[in-house]
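Asks: To start, I am sharing the structure in question, which I have written as structure tokens.
The values are calculated or read from the model by the stated rules, or taken from the named source; none is laboratory data. Being a predicted model, the structure only gives us computed values, none of them experimental. Note: ideal-geometry Cβ built from the backbone for every residue, glycine included; neighbour counts use all protein chains shown.
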Amino acid sequence: MVGSRDEPREAAPPLTPEPIRPSLYPRFLSLVTPLVVEPLVGAHYLSTARWLPEFFSWPEERRRAWQERRFREVLRHGAASVPFYRRLLRDDVGDVTLTDLPIVDKATMRADMDAFRSEGWQHMPHLYKRTSGTSGDPWAYPLDKAAWAHQYGAAIHFWERTGYRYGERMVMLGSPPSLVPDATSWKARLRSRFERRVVSLAGVDAGPAASARRAEQAGQAGAALWYGYPSIVAAMADAVAERSLEVTPPRAIITTSEMLLPTWRRRIEEVFGVPLFDEYGCNDGGTLSLSCAAGRYHLAENVSIVEVVDGDSACPPGTEGDVVVTNLHARVMPFLRYRVGDRAVLGEGRCPCGVGGATLQRLVGREADQLQLPDGRVLSPQALWSIFKTTPHVRGWQVVQPKLDRVTVRLDVERGFDAVEEERITRSFQGHCGAGVQVETTTGEAIERTAAAKHKLVVRLFE
């Protein structure tokens, strides 16, 4: 049951971003990085970013031909130097096509890393990347510097689509794995200092007091871009509105690493009043995308080929399936038709926003974040979003499934939440899950975060 609460607050007017004073530093950094930083790091990431506008302007046939050439180079390398693919292909790629290759996943590759790493990989230019462990299974693996340069270059290119300029101040909110896992090396620290990046209170505390401090520090940084977890930014928006704080917002906000709930998007946009973009990507495998005004996710086709499959069969555009990625530059440890563990829907035809290239129509979530029901059905977090369209006092939620026939819905609520709203949520969940599942709601349990401070929407406690 829910105790008595105050009346709901009135919506605060959106904040108005103050003009960010023009700076010569982005121009300086763009000149210095290719001459000094890239040779030190050993990766041409900014040069790649500067080439990408030309790449994305190519006709689709030219981009596909470029991808095919890169794929065949990686395939030939795998057949010659990677034990798994040498046994599979017998050193003869011939007319082998992408879909002739088997789909692999993290478990397959981790079970025999030596089979998937190139012979002599220790002497190839590479760095170590680490997954965030959202699925409960973190993984460290070697990645070619060339592959990293294409992915990070694509990230810079996408960020600049929002109006940000490389070298302007950026605030990180949370610990996005795309930016921090290699931050222990002196080269990464040097690059970070050159980029003038600011980490603002990374951590698991998303309570009102911590969120208010985080918002004030982010505003004081004078950043052009905020980049981080949507749950963290949404909590900041709530704290700013509830406390009537004066916070200078950035020019744009990019959320990443978590599913962006519609309620979070609405609160962030209402409070901060700046464009909000959502980024989807996977370090392992290598894929990156950024949402547009039409709601689709534009894929970085210079990084990888992205498929959506059901089993081993390709899903047509508009049909949900598993995301499978082929990295076009990874040779130290090739990722060829790698199932990343996410589910999505391919976009059909040219995006309504007018920008060409392959897109994902929508994201569904991680396979590990799905509810399994006694009748054999599976519910993704996205299937549950509709429940919260009519619950204006719910700031966040998390579904815990300790057993197949039991579900507990943890609710983070604000003033004005009452028993009627709670009962509506319970009935809606019961309708989705069926009579064979016991559904409970609670406002007394904190929403748990992972070690990487991510907000998991579904926590399943059984295999």
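Asks: Go through the range 313-334 and count every residue that is in contact (Cβ under 8 Å) with a residue 60 or more places away in the chain and under 24 Å from D112 (Cβ atoms).
Replies: Residues in the range 313-334 being in contact (Cβ under 8 Å) with a residue 60 or more places away in the chain and under 24 Å from D112 (Cβ atoms): 10 in total.
Asks: Quick one: A209 ticks every box in (1) under 22 Å from the mean Cα position of the chain (by Cα); (2) at pLDDT 75 or above; (3) among the aliphatic types (A, V, I, L, M) bar one, so which box is it?
Replies: So the condition that A209 fails would be (1).
Asks: Which of the residues that make up the range 344-389 are closer than 19 Å to K454 by Cα and assigned to a loop (DSSP other than H, G, I, E, B)?
Replies: Scanning the range 344-389 gives Q370, S380.
Asks: Out of the residues in the range 169-189 that are touching a Leu at 6+ places or on another chain (Cβ under 7 Å) and outside any loop (DSSP other than H, G, I, E, B), which is modelled with the lowest pLDDT?
Replies: Filtering first and then ranking leaves K187.
Asks: Additional query: A383 versus (1) in the same structural domain as P59 (by TED's automatic domain parsing); (2) under 21 Å from the mean Cα position of the chain (by Cα): which is the lone unmet condition?
Replies: Status for A383: all satisfied but (1).
Asks: Let me ask something additional. Based on what the data block shows, is D405 farther than 20 Å from N302 by Cα, buried (at least 16 other Cβ atoms within 10 Å of the Cβ) and either in the same structural domain as A239 (by TED's automatic domain parsing) or of a type outside the set (S, T, N, Q) (or both)?
Replies: It is false that D405 is farther than 20 Å from N302 by Cα, buried (at least 16 other Cβ atoms within 10 Å of the Cβ) and either in the same structural domain as A239 (by TED's automatic domain parsing) or of a type outside the set (S, T, N, Q) (or both).
Asks: Determine if the range 438-455 includes at least one residue that is hydroxyl-bearing (S, T, Y), part of a loop (DSSP other than H, G, I, E, B) and touching a residue at least 60 places away in the same chain (Cβ under 8 Å).
Replies: Among the residues of the range 438-455, at least one is hydroxyl-bearing (S, T, Y), part of a loop (DSSP other than H, G, I, E, B) and touching a residue at least 60 places away in the same chain (Cβ under 8 Å), which makes the answer yes.
Asks: Quick one: which helices (runs of 4 or more DSSP H) sit completely within the range 47-144 and have at least 3 residues that are closer than 26 Å to R161 by Cβ?
Replies: 60-81
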